[in-house]
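The block underneath contains the structure these notes are about, expressed in structure tokens.
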Amino acid sequence: MANIDFAAILCSRLCHDLVSPVGAINNGLEILHEEQEPSMKEAVLDLIEKSTKQTSNKLQFFRLAFGAAGGFSASLDVRECEKAMSAFLEGSKVDLDWDVQVSSGPKSFVKVLLNLGLVVSEALIRGGHLKMSAWQEGGHMKMVISGQAGKVILQKAVEESLKGNLSEDEVDPRAAPAFLAYEVAKGGGGDIRLSQLSDTEIEVHATIDFESKSIEE
């Protein structure tokens, strides 16, 4: 797949995730312009505030997960990743257990970590517990992203992306984060393994060269 084609798919995914909160802001502003009742204005302002925060949180997350925050060669502060992941999940029914035992890492590590966190959190369709663990072992970064919930559903295209079985022509916006994580891990001398998948649990293991750079380079 040409880079420009995959960039278009990622843009579609980004727009899909932002259209709801941005639309809520727009609707709120329209109502606010016409509404005269003080109590209603207050409720609308609250909606606008929440939607604005949600939009900002999503943009910060996707900047790290999809983009080139800090430049292609920069090492990123993992605390920023935790902050972005926590903010992204704010207001959802997914609680986060962050157990990443490194202070910084290359762009490739950040992309794999956050995109797998996104994939697993989306599989917890009614909410649940998301645990993200990572540590350095020799010259490699090891990651385990797991989720437990009353109901776990992983779309087939996403599952095949994690296994490296999805062809480039089959990648859609929903499967794009999993496809990106797999390609970055593979490009960094590592791999991704879907080690467990049931109706209530999902666990993904990933390995990547600690010194590797992002595939954009």
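Helix 107-123 and the longest principal axis of the Cα set of the chain meet at an angle near 60°.
Structural descriptor for the stretch 1-209: relative contact order 17 percent, calculated from alpha carbon pairs under 8 angstrom and at least 6 residues apart.
Here each label is just a point 7 Å from Cα along the line to Cβ, and for ILE125 and ALA7 those points are 3.5 nm apart.
Highest mean first, the peptides 147-158, 38-49 sorted by other C-beta atoms within 10 Å per residue fall in the order 147-158, 38-49. Between the Cα long axis of helix 176-187 and the first principal axis of the chain there is an angle of about 30°, rounded to the nearest 10.
Compared with the alpha-carbon gap, the fully stretched path from ASP172 to GLU30 is longer by 47.8 nm at 0.36 nm per residue.
Across all Cα atoms of the stretch 1-209, the radius of gyration (one decimal) and Dmax (whole number) stand at 18.3, 64 Å.
Ranking ALA24, ILE48, ALA65 by Cα position along the charge dipole of the stretch 1-209, where only Lys, Arg, Asp and Glu carry charges on their C-beta atoms, puts ALA65 farthest toward the positive end. If you plug the beta carbon distance of ASP95 and LEU59 into 1/(1 + (r/R0)^6) with R0 = 25 Å, you get a FRET efficiency near 0.65. Each of the peptides 165-172, 120-127 was scored by the mean count of other Cβ atoms within 10 Å over its residues; in descending order, highest first, they stand as 120-127, 165-172. Computed on the stretch 71-114, with alpha-carbon pairs under 8 angstrom and 6+ residues apart, the relative contact order is 61 percent. FRET efficiency for the SER133 to GLU80 pair, using the beta carbon distance and R₀ = 25 Å, is estimated at 0.90. Could you give log10 I(q)/I(0) at q = 0.22 Å⁻¹ for the stretch 74-155, computed by the Debye formula over C-alpha point scatterers of equal weight, without solvent? Listed by q, the Debye log ratios stand at -1.00. The angle separating the long axis of helix 78-89 from the principal Cα axis of greatest extent in the chain is about 50 degrees.
For the stretch 1-133, what is the percent of antiparallel DSSP beta bridges, rounded to the nearest 5? Taking every DSSP beta bridge within the stretch 1-133, about 35 percent pair in antiparallel fashion.
Using the Cα centre of the chain as the reference point, and only Cβ charges (+1 on K/R, -1 on D/E), how large is the resulting charge dipole? Debye, rounded to the nearest 20. If you can, show how the numbers build up before the last one.
Numbers: 21 positive and 33 negative charges, 64 e Å.
It comes to approximately 300 debye.
Every number in this text was worked out from the coordinates using simple rules, so none of it is lab data. Please read all numbers here as calculations on a predicted model, not as lab measurements. Please note: Cβ atoms are built from the backbone with ideal geometry, for glycine as well, and neighbour counts cover all protein chains shown.
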